[in-house]
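Below is one structure; the comments refer to it alone.
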Amino acid sequence: MVTCKDFLREISEFLDDRADPQLQSELKAHITQCPNCWVILDTTLKTIQVYKGMEPQELPEGVHGQLMKALEKRCAAKTKKAQPPPTAQK
Amino acid sequence: MDPIAASAGRQDENILIEKAKKGDFEAYGQLVERYERKIYRLARNITQSNEDAEDVLQDAFLKAYEHLDGFQGQARFYTWLVRIAVNESLMKLRKRKSDRSVSLDENIETDEEPIAREIAVWDNPEKQYSRAEMKQVLDEAITSLKPIFRVVFILRDVEELSTEETAETLGLSIAAVKSRLLRARLQLREKLTRTFKRKGDQILGYV
C-alpha cells in the first residue's frame, strides 16, 4: 500500500506520468483517499503552471540594439574571413 | 500551439537558419528577435542578475552565430540555443567566487526524505495579484533555491526540456535530474503556498 511518504517521494514522476503503470495507479488510488496528498499534488501542479505561464521578460532598453550591433560586427568579420585573399597583381 | 502551426513554424525556422548559414544577417536577426526575450528570461532566472543576463544574451547569440554551421537540425534550434545560454549562465555563476553554492556537481543526492509542511489550497493567484506582484513573488521564491535545484527546475518546467535533454545539457545523470527536480518543485510549492494560501484554509500540515 502506498503511504503519504511514498506519494511525496514519487510525486514528480507521477506528475510527469513516468512512474511505472502499477505504481502510477496505486498513487492515483492514494490521492482519492488522502486529502492532504491531493492538496499537495494540486498545489505542486499549480506551482509548475504559474512558472510555465511566466511571460518572457521585456529586454531592458538598448539591449536589443547593442546585441544587433555586436552581431553585425561579428557577421562582417566572418564574411571578410570567408573571402579568399586578393591575388597579387603582376 | 497546434501541430500544423508548430510544423509550419519549424519549416519557416529552418529556412531562416539555412539563410543565416549562408551569411544572411537579416535572417539571423529574425531568429534573434524570435528568441531573445526567452533567452534573457532564462539567463536572468539562472544568474539572478540583470547585468549578467545581458552579457549572457549577447555571448549566447554571438556563439550560436559562430557555430551555426555545426547546427545539424536534429534538435530544435531553440533547445540548441538554450544549451549555449545555460553554459554561459553557469560560467557567470562560477565566476562569482564568493558564491560557494554554485557547483552543479555538488553531491546532494541524500537519503533525506522530501517533506511538505504547508498543506493548504490556493487558486488563481493571478486574479489577486498584479502582474508585477506575481513576478516579484515568483522571482523571490526561485531565487531562494540553491542554483543546483534552480537550474534543473528552469530547464524542465519553464523551458520544457525533457529529462534527458536537461541531463545532457547539465552533464548530470537522469537520476540526479529527477531528484533535483522533485526537491525544487516541492520547495517552490512550499514557498508559494505560504504566500498564496487562503487565510484559515490550512488543513493539517506536515506529511
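Take the accessible area of A alone and of B alone, subtract that of the pair with a 1.4 Å probe, and the total buried over both chains is about 4800 Å². Exposed loop sites were defined as GluC sites (Glu not before Pro) in DSSP loop states (anything but H, G, I, E or B) carrying at most 14 other C-beta atoms within 10 Å; in chain A the longest segment without such a site runs A:1-57. Mind scanning B:135/B:197; A:28/B:191; B:95/B:135; B:63/B:178; B:38/B:63; A:52/B:197 and naming the pairs with a C-alpha gap bigger than 23 Å? Going by Cα-Cα distance, A:28/B:191; B:95/B:135; B:63/B:178 fall outside the 23 Å limit.
Rolling a 1.4 Å probe over the protein heavy atoms gives chain A an accessible area of 65 Å² per residue.
Entry comment: accessible area of the stretch B:109-196 is 43 Å² per residue, from protein heavy atoms only and a probe of 1.4 Å.
Using a Förster radius of 30 Å, what is the FRET efficiency between residue B:140 and residue B:34 based on their Cβ-Cβ separation? Nearest 0.05, please.
Numbers: r = 29 Å, r/R0 = 0.98.
Efficiency for this residue pair is about 0.55.
Which percent of the accessible heavy-atom area of the stretch B:109-196 goes to carbon and sulfur, probe 1.4 angstrom?
Details: 1750 of 3760 Å².
Solvent-exposed carbon and sulfur of the stretch B:109-196 make up 47 percent of the total.
Accessible area per residue for the stretch B:3-97, computed on protein heavy atoms with a 1.4 Å probe, is 49 Å². Need the C-alpha centroid separation for the stretch B:128-154 versus the stretch A:1-65, integer Å. About 16 Å separates the Cα centre of the stretch B:128-154 from the one of the stretch A:1-65. Estimated from the Cβ-Cβ distance and a Förster radius of 35 angstrom, the FRET efficiency linking residue A:4 and residue B:94 is about 0.35. Burial annotation for the stretch A:21-51: residues with an accessible-area loss of at least 50 Å² between the isolated chain and the complete set of protein chains, computed on heavy atoms with a 1.4 Å probe, are A:36, A:39, A:40, A:43, A:46, A:47, A:48, A:50, A:51. Hey, any idea what % of the stretch A:4-52's accessible area is carbon plus sulfur with a 1.4 Å probe? Carbon with sulfur: 53 percent of the solvent-accessible area.
Among the residues of the stretch B:160-180, those with an accessible-area drop of 10 Å² or more from chain alone to full protein complex, heavy atoms and 1.4 Å probe, are B:160, B:163, B:164, B:178. The residue B:26 and residue B:124 beta-carbon pair, evaluated with R₀ = 51 Å, returns a calculated FRET efficiency of approximately 0.75. Applying a 4.7 Å Cβ-Cβ cutoff to chain A, the cysteines left without a disulfide-compatible partner are A:4, A:75. Interface residues of the stretch B:11-28, defined as a loss of at least 30 Å² in heavy-atom accessible area between the chain alone and the complex of all protein chains with a 1.4 Å probe, are B:25.
The values are calculated or read from the model by the stated rules, or taken from the named source; none is laboratory data. Keep in mind that what you see is a predicted model, and the values were worked out from it rather than measured. Methodologically, a virtual Cβ is constructed for each residue, glycine included, from the backbone with ideal geometry; neighbour enumeration extends over all protein chains shown. Each accessible area value is taken on the protein alone, full model and side chains, heavy atoms only, with ligands, DNA and RNA left out. Shrake-Rupley method; radii C 1.70, N 1.55, O 1.52, S 1.80 Å.
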